[in-house]
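Trainee: My questions will all concern the structure given below.
The values are calculated or read from the model by the stated rules, or taken from the named source; none is laboratory data. Remember, it's a predicted structure, so these values are computed and weren't measured experimentally. Cβ placement follows ideal geometry from the backbone for every residue including glycine, while neighbour counts extend to all protein chains displayed.
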Amino acid sequence: MKVGFYGHVRQYHNLKAEIDAAILEVLESGQYVQGPTLKRFEGELAAYAGAKYAVGVGNGTDALWLTFMALGLGQGDELITHANTFFATAEAMWIAGCTAVLVDCDPLTKCIDPEAVRKAITKRTRAIVPVHLYGQCAPMREIRQIADEYGLFVVEDNAQAIDAHGDDFRIGELSDAVCTSFIIQKNLGTFGDGGAIWTNHQYINDKVRKLRNHGSIKRDVHSFGFNSRLDDLHAGVLSAKLKHIKEWSDRRIEIAARYAAGLKDCDFLDLPVVRPGYRHVFHLYEVETKNPADRNKVLDYLVRNDIDAKTHYSIAIHQQEGFPWGKEARIAGPLPHAEKSAASCISLPMYPELTEDEIDYVIETVCAWKG
Ligand SMILES: Cc1ncc(COP(=O)(O)O)c(C=O)c1O
């Protein structure tokens, strides 16, 4: 049996009638850029998220740096995130001209460690950027409390956790803005690139809306800006898919439970930890080898056995060659947990369209690994 890492085409086939109809509607409308379908999807996304405003942009990275710019962040401003997130979280800080401050993660959840954030704060700190890594919310109550104590912005990088929530908070409730990615492999993904921000602050909405469209909200009237719009074709696809996000998340949670039960006796692996009361939507099912020296061996073994396992992310940002490429960056403290995670992580296949046989084949194969 072959088990792929992504279920994009299966998902398309399951939803073909809805997606084809959505695409056809845009094609026939003659309005493809900032047209009515984008407007409608932005309304649907805001309603879904319980936010006052949502703005579609070109991708998740742009969502982050456009938000930083809208908040007036730039040269000399320090923004704190953790070293084991996807590269784009820090990259967006550099694009906005800010200093990326990298801290360690919680060794259990791999999300940002609030105590590490607190220790990293200086007079130049302006924002905290927690990432809801792998589909589980960062500890937003603690982050919010630190932000309030020091007067900092909070921008959530929600590229991986649409439809997740915390024990007593929802995404967006405790921050200034939420940024998300709709690249195809995300839990809510289009056939290409896309992104969005949502916020309750009108000034962030207005600023990002203008920045994404050459500094313009009125024909021929411009200020400095960029081109980063979510195309109507993507908005149509996302509108069709948004209706299914809850059932897809539920299925991911079900698969994660089957993995957890099947892998619990694999003594060479640590399994994902879900914080009590949190809805972890398992964008990725990330396990770690207890011994980092085993990671590549297990990975090769899985691939040899036709299981397309991957790593997210095997090189922490500060360990990438050439870091920080002439950009402003600070490594705040030793980062042993982020480095251990990079050295030992393995992502097993995880998507709602996995069959029970495929899940069981992954479990059996992993369990049969002999050092
Ligand atoms: C945590 C995180 N932040 C930011 C991004 C950037 O999103 P995009 O690829 O749409 O630019 C991604 C995904 O790609 C991500 O996983």
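Trainee: Look through the range 120-163, keep the residues that are in contact with a Cys (Cβ under 9 Å, 6 or more places away or on another chain) and outside any loop (DSSP other than H, G, I, E, B), and return whichever of them is farthest from the ligand (Cβ to nearest atom).
Mentor: Arg126
Yes or no, residue by residue, for (1) under 27 Å from His201 (Cα atoms); (2) buried (at least 22 other Cβ atoms within 10 Å of the Cβ):
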residue: Val9; (1), (2): no, no
residue: Ile19; (1), (2): no, no
residue: Glu25; (1), (2): no, no
residue: Ser29; (1), (2): no, no
residue: Phe41; (1), (2): yes, yes
residue: Asn59; (1), (2): yes, no
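Trainee: So for the range 11-21 (the condition being farther than 28 Å from Ala127 by Cβ, within 23 Å of the chain's Cα centre (by Cα) and within 16 Å of the ligand (Cβ to nearest atom)), does at least one residue qualify?
Mentor: Within the range 11-21, not a single residue is farther than 28 Å from Ala127 by Cβ, within 23 Å of the chain's Cα centre (by Cα) and within 16 Å of the ligand (Cβ to nearest atom).
Trainee: Since Thr81 meets every condition but one in (1) farther than 24 Å from Asn200 by Cα; (2) within 18 Å of the chain's Cα centre (by Cα); (3) crowded, with 19+ Cβ neighbours inside 10 Å, which condition does it not meet?
Mentor: (1) is the only condition that Thr81 fails.
Trainee: Given the structure, is Glu91 out of contact with any Asp or Glu (no Cβ under 9 Å at 6 or more places or on another chain), more than 13 Å from the ligand (Cβ to nearest atom), on the phi < 0 side of the Ramachandran plot and of a type in the set (Asp, Glu)?
Mentor: no
Trainee: Could you check, for the range 147-167, whether at least one of its residues is of a type in the set (Phe, Trp, Tyr) and surrounded by fewer than 20 Cβ atoms within 10 Å (Cβ to Cβ)?
Mentor: yes
Trainee: Taking only pairs six or more apart or across chains, which ones have beta-carbon atoms under 6 Å, a first residue in the range 183-197 that is near the ligand (Cβ under 10 Å from one of its atoms) and modelled with pLDDT of 95 or more, and a second residue that is in a loop (DSSP other than H, G, I, E, B) and among the charged types (D, E, K, R)?
Mentor: What qualifies is Ile183/Asp193.
Trainee: Quick check on the range 279-305: of everything there that is touching a strand residue (DSSP E or B) at 6+ places or on another chain (Cβ under 8 Å) and among the basic types (Lys, Arg), which residue is farthest from the ligand (Cβ to nearest atom)?
Mentor: Checking each candidate, the answer is Lys290.
Trainee: As an exercise: evaluate Ala177 against (1) more than 16 Å from the ligand (Cβ to nearest atom); (2) buried (at least 22 other Cβ atoms within 10 Å of the Cβ); (3) farther than 25 Å from Glu339 by Cα and give the number of the one condition it does not meet.
Mentor: (1)
Trainee: Quick test for you: out of Ala316, Ala309, Ala293, pick the one residue that is on the phi < 0 side of the Ramachandran plot, exposed (fewer than 14 other Cβ atoms within 10 Å of the Cβ) and small (Gly, Ala, Ser).
Mentor: On inspection, the qualifying residue turns out to be Ala293.
Trainee: List the pairs whose first member sits in the range 327-338 and is in contact (Cβ under 8 Å) with a residue 60 or more places away in the chain, whose second member is among the basic types (Lys, Arg) and buried (at least 17 other Cβ atoms within 10 Å of the Cβ), and whose Cβ atoms are under 9 Å apart, counting only residues at least 6 apart or on separate chains?
Mentor: His337/Lys110; Ala338/Lys110
Trainee: Filter the range 301-321 for residues that are assigned to a helix (DSSP H, G or I) and either over 26 Å from the mean Cα position of the chain (by Cα) or at pLDDT below 95 (or both); which is nearest to Lys110 (Cα to Cα)?
Mentor: Of everything passing the filter in the range 301-321, Tyr301 is nearest to Lys110 (Cα to Cα).
Trainee: Provide a single number: the residues in the range 194-243 that are farther than 19 Å from Glu44 by Cα, in a loop (DSSP other than H, G, I, E, B) and of a type in the set (D, E, K, R).
Mentor: 3
Trainee: Of all residues in the range 56-81, how many are closer than 17 Å to Phe153 by Cβ and within 16 Å of the ligand (Cβ to nearest atom)?
Mentor: 10
Trainee: Can you tell me which condition Lys110 does not meet? The list is (1) assigned to a loop (DSSP other than H, G, I, E, B); (2) over 20 Å from Arg252 (Cβ atoms), and all the others hold.
Mentor: (2)
Trainee: Related question: Scan the range 322-355 residue by residue and report those that are of a type in the set (Asp, Glu) and either modelled with pLDDT under 95 or under 30 Å from Leu15 (Cα atoms) (or both).
Mentor: The one that is of a type in the set (Asp, Glu) and either modelled with pLDDT under 95 or under 30 Å from Leu15 (Cα atoms) (or both): Glu353.
Trainee: Filter the range 249-268 down to residues that are surrounded by 20 or more Cβ atoms within 10 Å (Cβ to Cβ) and away from the ligand (no atom under 16 Å from the Cβ) and give me whichever is farthest from the chain's Cα centre (by Cα).
Mentor: In this case the residue turns out to be Tyr259.
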